[in-house]
1. Among the residues that make up segment 78-94, is at least one of them in contact with a strand residue (DSSP E or B) (Cβ under 7 Å, 6 or more places away or on another chain) and either without any contact (Cβ under 8 Å) to a residue 60 or more places away in the chain or part of a helix (DSSP H, G or I) (or both)?
2. So if I check each of 144, 174, 157, which one is closer than 29 Å to residue 25 by Cβ, surrounded by fewer than 18 Cβ atoms within 10 Å (Cβ to Cβ) and more than 12 Å from the ligand (Cβ to nearest atom)?
3. Looking at 35, 9, which is the one that is at pLDDT 95 or above, out of contact with any strand residue (DSSP E or B) (no Cβ under 7 Å at 6 or more places or on another chain) and surrounded by 13 or more Cβ atoms within 10 Å (Cβ to Cβ)?
4. When residue 99 is evaluated against the numbered criteria (1) over 12 Å from the mean Cα position of the chain (by Cα); (2) closer than 21 Å to residue 15 by Cα; (3) more than 14 Å from the ligand (Cβ to nearest atom); (4) buried (at least 17 other Cβ atoms within 10 Å of the Cβ), which criterion, by number, is the only one it fails?
5. Out of segment 147-162, which residues are in contact with a helix residue (DSSP H, G or I) (Cβ under 6 Å, 6 or more places away or on another chain) and outside any helix (DSSP H, G or I)?
6. If residue 61 passes every condition in (1) more than 16 Å from the ligand (Cβ to nearest atom); (2) in contact (Cβ under 8 Å) with a residue 40 or more places away in the chain; (3) under 26 Å from residue 161 (Cβ atoms) but one, which one does it miss?
7. Residues to consider are 49, 75; find the one that is over 20 Å from the mean Cα position of the chain (by Cα) and exposed (fewer than 14 other Cβ atoms within 10 Å of the Cβ).
Ligand SMILES: Cc1cc2nc3c(=O)[nH]c(=O)nc-3n(C[C@H](O)[C@H](O)[C@H](O)COP(=O)(O)O)c2cc1C
């Protein structure tokens, strides 16, 4: 038991956000992606609504997702300012990733307030993030301003809300300490 406490302390404290510039071209086996998702499924969930919903993009489908960001750049840019380099760059983060998982929440307004479902999905994402860390896979949760439009692009059902993208790849980022202030500043012992 003591040994597992050391292991979990290590994984929690060494988990970092690892971004696409550090991603390397190495395939993540499907079984590992499945195990990362399986651990998401053990997140705590009030009233057992299990609100986490995921869409996995890999291989060819990543091009489709990258196209969303590039096309968005095109529609937001006056034709005379359009730059092919910027168009390509808009989809680059997705194309540098080996796997991108869209994070959605299924809402049940008759049962729970939205914040509880969001909190539960965040717990599921943390499970994924920690599991990815244990496998040596770099990942991070991205929440760009275009989430609403992304939901429409993905044709999400009315009762689902897109909360972000989870980028994943093996990487060559050096180990970096967490940037945090002391927990003592955030806790009051009553
Ligand atoms: C809900 C959520 C959304 C986030 N969205 C972004 C994002 O859009 N872009 C980004 O660079 N990082 C994003 N992050 C990652 C944070 O920037 C990162 O967790 C923070 O810098 C601390 O670094 P660490 O994860 O390595 O400890 C997000 C994190 C969370 C929890």
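The values are calculated or read from the model by the stated rules, or taken from the named source; none is laboratory data. None of these values were measured; they are calculated from a predicted model. Positions of Cβ are backbone-derived with ideal geometry, glycine not excepted, and every protein chain shown enters the neighbour counts.
1. Yes, because at least one residue in segment 78-94 is in contact with a strand residue (DSSP E or B) (Cβ under 7 Å, 6 or more places away or on another chain) and either without any contact (Cβ under 8 Å) to a residue 60 or more places away in the chain or part of a helix (DSSP H, G or I) (or both).
2. Numbers: 144 fails: more than 12 Å from the ligand (Cβ to nearest atom); 157 fails: closer than 29 Å to residue 25 by Cβ.
After applying the criteria, what remains is 174.
3. Details: 9 fails: surrounded by 13 or more Cβ atoms within 10 Å (Cβ to Cβ).
When all the criteria are applied, what remains is 35.
4. Residue 99 satisfies all of (1) over 12 Å from the mean Cα position of the chain (by Cα); (2) closer than 21 Å to residue 15 by Cα; (3) more than 14 Å from the ligand (Cβ to nearest atom); (4) buried (at least 17 other Cβ atoms within 10 Å of the Cβ) except (1).
5. 162
6. Only one criterion is unmet by residue 61, namely (2).
7. 75
Yes or no, residue by residue, for (1) surrounded by 17 or more Cβ atoms within 10 Å (Cβ to Cβ); (2) within 23 Å of residue 159 (Cβ to Cβ):
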{"position": "14", "(1), (2)": "no, no"}
{"position": "71", "(1), (2)": "no, no"}
{"position": "90", "(1), (2)": "yes, no"}
{"position": "105", "(1), (2)": "yes, yes"}
